[in-house]
């Protein structure tokens, strides 16, 4: 689905996200140079403990949208994603000084292109509107991933630090016979914002 949509977004002012780097950022922990290894370890341990009670869930990824800086898919329903974000935010805040979760509203999305220059809004909007008929896909969220994130020209590069598995009881929508159960992390919490 991402590749199909990216074909319509091949403008010189967009850098397309490669398939292996598609992700949904839940929150920021803080700047790498401001956090000690002890703090990161405590955050990781707390995230593991807190996610023992969080059940895996499924989400729909679809409905292409855009901002001045990116184009991506909306993700729904919002409730389980927000609940996981809240749990991971609590783990982050337990890390002590210099943790810096992001302030403001949270909009769950999976970016497929980042702007690298001034965007022609009319062309971008036209491309996005043409893609609105693509049906969403359902994916299982079975873990979060703590990552080291670095902002690069037109995109983000990230390096996994630690997976955090969701270990609560599975709901009926995620039984293996539904075909949407999987182990690919759909969400990330991030360290660093360089």
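Worth pointing out:
- Members of the range 16-25 that are closer than 24 Å to residue 130 by Cβ and surrounded by fewer than 16 Cβ atoms within 10 Å (Cβ to Cβ): 18, 19
- Condition met for residue 64 (under 23 Å from residue 115 (Cα atoms), touching a helix residue (DSSP H, G or I) at 6+ places or on another chain (Cβ under 8 Å) and modelled with pLDDT of 90 or more): yes
- Among the candidates 91, 140, 42, residue that is within 21 Å of residue 167 (Cβ to Cβ), over 15 Å from the mean Cα position of the chain (by Cα) and surrounded by 19 or more Cβ atoms within 10 Å (Cβ to Cβ): 91
- The listed residue being at pLDDT 90 or above and over 20 Å from residue 115 (Cβ atoms), out of 6, 39, 44: 44
- Tally of residues being within 30 Å of residue 129 (Cβ to Cβ) and out of contact with any helix residue (DSSP H, G or I) (no Cβ under 9 Å at 6 or more places or on another chain) across the range 74-101: 9
- Candidate set: the range 26-53, residues that are touching a helix residue (DSSP H, G or I) at 6+ places or on another chain (Cβ under 6 Å) and not in a strand (DSSP E or B); chosen: the one farthest from residue 128 (Cα to Cα): 46
- The C-beta contact set for the range 125-148 (first residue part of a helix (DSSP H, G or I), second residue surrounded by 19 or more Cβ atoms within 10 Å (Cβ to Cβ), distance under 6 angstrom, 6+ apart or interchain) comprises 127/9; 128/64; 128/66.
- Across the range 12-27, the qualifying residues are those that are in contact (Cβ under 8 Å) with a residue 60 or more places away in the chain and more than 16 Å from residue 81 (Cβ to Cβ), and the one among them that is farthest from the chain's Cα centre (by Cα) is 12.
- Residue 85 touching a strand residue (DSSP E or B) at 6+ places or on another chain (Cβ under 9 Å), over 20 Å from residue 127 (Cα atoms) and modelled with pLDDT of 90 or more: yes
The values are calculated or read from the model by the stated rules, or taken from the named source; none is laboratory data. Because the structure is a prediction, the values reported are computed rather than measured. Heads up, the Cβs are rebuilt from the backbone with ideal geometry, glycines too, and the neighbour counts pull from every protein chain shown.
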